[in-house]
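The block underneath contains the structure these notes are about, expressed in structure tokens.
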Amino acid sequence: MGQLLEVTDLRVTYGGVVAVDDVSLHVAEGEVVGLIGPNGAGKSSFIDGLTGYLPRRGGHVEFEGRSLDGLATYAVARRGLVRTFQSVELFDDLTVEENLLVAAERPRLVTMLRDLVLPSRPEGVDDVAWARMLCELDDVAHRYPQELSHGQRKLVGVARALAQRPRLVLMDEPAAGLDTEESLAFGRRLRSLPGHGVSVLLVDHDMGLVLSVCDRIVVIDFGKVIASGTPEEIRADEAVIAAYLGGVDARH
Amino acid sequence: MTSYVLFLLLGLGAGSVYSLLGLGMVLKYRSTGVVDFAQGAIAMWGAYVFLRLRLTGKLELPWFALPHEISLGTGMAIVPALLITLVYGTVLGLVVFFLVYRPLLRAAPLTKVCASVGVTLFFEAVAVLNFGTTATSAPPVLPSKAFVISGVVIPGDRIWIAGIVVAIAVALTVTFRYTRFGLATRAGAENEMGAALIGLSATRIAARNWVLATLLATLSGVLITPISSLDPTSYTLFVVPALGAVLIGRFESFWITTAAGLGLGIVQSELVKLQTVFTWLPQQGLSDGVPFLIILVTMSLAAKRLGARGATGTLRNPSLGRPTRPGATALLAFAVGVVVLVALHGSLRAAFMASIVTVCLALGLVVLTGYVGQVSLAQMSFAGFGAFVLSHLGHSVGMPFFLALLISALSAVPLGILMGLPALRVRGVNLAVVTLAAAAAMDALVFSSVKFTGGLGGRKIGSPELFGLDLGIAKGNSYPRVVFGVMLLVVVIGAGYCVARLRTSATGRMLVAVRSNERAASAVGIRVAPVKLYVFALSAFLSGLGGGLLAYEQSSVSSSTFTAQASLSLLALVYVAGVGRIAGAVVAGIMFASDGLFVSFLDKTLHVGQYQTVVAGIALALTAIQNPDGVASNMAGERGPGPRVAALRDRIIPRRHRPVVLDVPGQDGAFVEDVAGPTPVSRA
């Protein structure tokens, strides 16, 4: 199995503050990798830096053997490396179905001109149907995002990413705000993705979810990798326990 | 050399006015988030009040019915007249603030812009009614004794006026830096919610700033009249260079705004001088046009982040419609249109035709502002360009009209793309100002060309022809002809149909996605920049088309139809009508257009003729306050293009039963009802 995503020494800074401090990480084809860390550890900054939403101050990102350095955000998505947002960021003026369609279809200039006089039928309907089925959104397909519960909106965000038929999805806290049952159901769906040719980098701080679905886990704190390994190894890792449990202990 | 210095000093006059107006606009923006286009009109009004006090001793009320003046004796000296004018300005500021802007404090920025356009129209119209349109000149206010410094004769009043402006800028800077009032205003501009939480009353702060800004406007009116003759409309346009100064000062810095205002005045003045030296320079419009070009270029290149205001409600988009069954709607609209054409005659039929043309112009804004959330105050410039290109197409060769229209509409497209470039960098109200500068530049540089626009007389347009058939609005004694109206209906309803279908196409989804959330749009692989350019191009196309139709309708075109002010009015009335839906364009054309059906009908039945613009101004401001989301959205209620209209349509043209197709949206773009229940047509 070749590496799908290879991140070397990624560095993201805000002014003088180093949010991501030379983090390296890789995801192989068909893997579900977890990236966890306490609040403020630099998880979201890592995704932003990786996908071009924040400028990289150092490091190198390779996807399917090709460099992503200097690519604009939309171009990263078109390469098949797709992200979701912690704050979901759906298109509020479009229905759920349209939210997925707009992700699946990428009209070229010819289509854009033809749509002026003879609108095309939606392309990518199969991808949308697939993503919708996977996230069980059939019932709400024609509703607007604002009419949905928080959990459903999160799912729409994931489905919108999947509708692009990505090779790898970066999920930024997809389970935050879900109740236990929703979270479990979400875990099952996530686990099925590699079977559909989609690898996953899951960023979350729901330890239960991450430990139960990931093949491999990378733990960061204060912008640095403090541990990586299988869920069992992470469970036993002392640095991780210190970062998580130690923090908890200190607070009590 | 000395003459260059002289022109520099002469430019201080206009520059000071730009600065004063600009300073007032900064105050208003910082305290209320309103970019007040009415600042120039207020200055004009203040100037008239002052002038009338001095010459006749009468106090002018902003009203046109009897008695609109109060006699305070005979002509006054400068000082008492000035004092009374300033008190008057204070009251006027308070009244306008509490009547118009206070209710709009939380409204979307564009709603506020519309209200300010309404205020502008009101004051212009009242001034026309009370003082007529001829320009008057005023006796000097400031000592105009000339200084002579090393051989250069310096006009004293310009030095005085510039001195006053700089003094005011210093006073404002000091006030805002060191007093509690200034601190409170800054706090409110930074974070309105936070300011409210620590017990600052946003309304009180805003009212004070508003009064201050109104006083500055009044003062600038008083000071400029002796230099530049006074008439009801020309002062309004001073806001454009003033806004340029404000933009350069980032809606924030008093110093930079003042310097930029003075600088613009000087540049304009020096250009006049340069024109006399270098005869190869274009002789028209240079001094008016170049400063706007400067604004345009600076803003397109430099401003990535312009001082935004940290209001509680950030830029909200107007509500968006979802066309259902555009085909059936179009057919029905055509049928109704033909009936109306035949039923009406004379001036009302002509007014209906004018309405249809406005609908086409409005469609350009529906795609631009409604679908993608961009703003353009240059729509009439596109229209004008299209119209003049049409006038040059050589109407005698029997070119079918649709080909001529197509060419003129396409000719506006490159302009639209050019206008889209600043949109890649600036947004919202800043974009509005930049496009207004572009419109003013077009006015000054392109539409002033006699070769292109035929000068004051304009250019004649031949009748539209189709394979030898004359479709013109007039033939022999018959005017306006039904056949011309039918042609208009076909073209405009066709355009509306395409715009409606676009909304539910792949491209339409992409447009709306960009409007909703640019960040997320790029995350699903949408490249935002070309999408914006595309919609600017499309919008310019529709405007150019509207311009061509307008030219056919009026049988001639003149540049006075396509001013920056006309663009401002167009945006205001379409926005107020409901820019997010095609019904809004229709409402704008039929109900709101000043030469349209409804207004003409009122004119004919109620004889409101001369008061029409006053009423329009008030109506515009009122409607903005009442329907921040547009009349059409209100008409439509919770869902769709008016449930009753839709129900009626569905009864007249029954929906064909379509086979149920799982997962695939229906052919009209509406989702198949049998599966999903009632078609969701619009968002609340």
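Scan region B:258-282 for residues that are farther than 16 Å from B:G11 by Cα and touching a helix residue (DSSP H, G or I) at 6+ places or on another chain (Cβ under 8 Å) and report the count. Counting residues in region B:258-282 that are farther than 16 Å from B:G11 by Cα and touching a helix residue (DSSP H, G or I) at 6+ places or on another chain (Cβ under 8 Å) gives 2. Could we say that B:G462 is away from chain A (no Cβ under 14 Å) and open to solvent by 10 Å² or more (accessible area, probe 1.4 Å) here? Considered against the rule, which asks whether it is away from chain A (no Cβ under 14 Å) and open to solvent by 10 Å² or more (accessible area, probe 1.4 Å), B:G462 comes out as yes.
Looking at this structure, is B:G544 assigned to a helix (DSSP H, G or I) and touching a Ser or Thr at 6+ places or on another chain (Cβ under 6 Å)?
Values: assigned to a helix (DSSP H, G or I): yes; touching a Ser or Thr at 6+ places or on another chain (Cβ under 6 Å): yes.
So B:G544 passes the test.
For region B:471-481, indicate whether the set of residues that are touching a His at 6+ places or on another chain (Cβ under 9 Å) and farther than 24 Å from B:A572 by Cα is non-empty. Checking region B:471-481: at least one residue is touching a His at 6+ places or on another chain (Cβ under 9 Å) and farther than 24 Å from B:A572 by Cα.
Among the helices (runs of 4 or more DSSP H) confined to region A:47-157, the ones with at least 2 residues that are under 22 Å from the mean Cα position of the chain (by Cα) and more than 10 Å from chain B (Cβ to nearest Cβ) are located at A:125-134.
Residue by residue, here is whether (1) open to solvent by less than 10 Å² (accessible area, probe 1.4 Å); (2) within 27 Å of B:L104 (Cβ to Cβ); (3) within 13 Å of chain A (Cβ to nearest Cβ) holds:
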residue: B:F541; (1), (2), (3): no, no, yes
residue: B:L550; (1), (2), (3): no, no, no
residue: B:T561; (1), (2), (3): no, no, no
residue: B:A564; (1), (2), (3): yes, yes, no
residue: B:S567; (1), (2), (3): yes, yes, no
residue: B:A572; (1), (2), (3): yes, yes, no
residue: B:G578; (1), (2), (3): yes, yes, no
residue: B:A583; (1), (2), (3): no, yes, no
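Taken over region B:113-144, the criterion of being part of a helix (DSSP H, G or I) and at pLDDT below 85 is satisfied by B:V113, B:C114. Which residues, counting only those in region B:134-179, are among the aromatic types (F, W, Y) and either over 26 Å from B:W255 (Cα atoms) or open to solvent by 50 Å² or more (accessible area, probe 1.4 Å) (or both)? Within region B:134-179, B:F147, B:W160, B:Y178 qualify.
The set of residues in region A:79-90 being out of contact with any Lys or Arg (no Cβ under 7 Å at 6 or more places or on another chain) and open to solvent by 20 Å² or more (accessible area, probe 1.4 Å) consists of A:R79, A:Q86, A:S87. Of the residues making up region B:315-356, just one is of a type in the set (A, V, I, L, M), within 18 Å of B:I590 (Cβ to Cβ) and within 14 Å of chain A (Cβ to nearest Cβ), namely B:A330.
Screening the candidates B:V246, B:V211, B:V240 for the property of being buried (at least 24 other Cβ atoms within 10 Å of the Cβ) and under 21 Å from B:L172 (Cα atoms) yields one hit, B:V246. B:L418 - would you say it is open to solvent by 40 Å² or more (accessible area, probe 1.4 Å) and either farther than 23 Å from B:L293 by Cα or touching a Phe, Trp or Tyr at 6+ places or on another chain (Cβ under 7 Å) (or both)? Answer is no for this residue.
Answer with yes or no whether A:G34 is surrounded by fewer than 16 Cβ atoms within 10 Å (Cβ to Cβ) and either on the phi < 0 side of the Ramachandran plot or at pLDDT below 90 (or both).
Working: surrounded by fewer than 16 Cβ atoms within 10 Å (Cβ to Cβ): no; either on the phi < 0 side of the Ramachandran plot or at pLDDT below 90 (or both): yes.
Taking the combined requirement at face value, the residue does not satisfy it.
Among the residues in region B:215-224, are any among the hydroxyl-bearing types (S, T, Y), open to solvent by less than 20 Å² (accessible area, probe 1.4 Å) and more than 23 Å from B:P422 (Cα to Cα)? Yes. With respect to A:E238, is the statement that it is at pLDDT below 90 and open to solvent by 50 Å² or more (accessible area, probe 1.4 Å) true? Yes; evaluated as a whole, the condition is true for this residue.
The values are calculated or read from the model by the stated rules, or taken from the named source; none is laboratory data. All values derive from a computational prediction rather than experimental measurement. Virtual Cβ from ideal backbone geometry, glycine too; neighbours counted across all protein chains shown. When the accessible area is computed, the model is the full protein with side chains, heavy atoms only, and any ligands, DNA or RNA have been set aside. Shrake-Rupley method; radii C 1.70, N 1.55, O 1.52, S 1.80 Å.
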